[in-house]
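Inspection log for the structure reproduced underneath, given as C-alpha cells.
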C-alpha cells in the first residue's frame, strides 16, 4: 500500500471526522515525524484529484482539514 492508499483507507473508516494532514500522519505513523511532509503532499495530490474534500484556510489558526470526497464514499 502507498501512503495515499493509507490516507484514503483511514478517512473512509473515519468518515465523520475532518482531520489535518498532521493528524492523519500521527494516526497512521505515530510519532515518526518523517512521514508528515509526505502525508501533506499526498493529501494535496488526493485533493487535486478530487478524492479528498478540503476545508479551512491553510493558516495556523485555520489549518486545512481533509475528509473523504463524496465520490470516494460510494461502495466499490
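Throughout, read-outs are computed from the coordinates displayed, never taken from laboratory work. Fair warning: this is a prediction, and the values are worked out from it, not measured in the lab.
Tabulated data for the structure shown
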read-out: Value of relative contact order over the chain, rounded to a whole percent, pairs C-alpha under 8 Å and six or more apart; value: 32
read-out: Over the chain: helical MRE at 222 nm, DSSP H runs n ≥ 4 each giving -39500 (n - 2.57), nearest 500; value: -14000 deg cm²/dmol
read-out: Label corresponding to Cα extents along the principal axes in Å when calculated from the structure given, among (1) 57, 28, 16; (2) 33, 29, 21; (3) 33, 26, 18; value: (2)
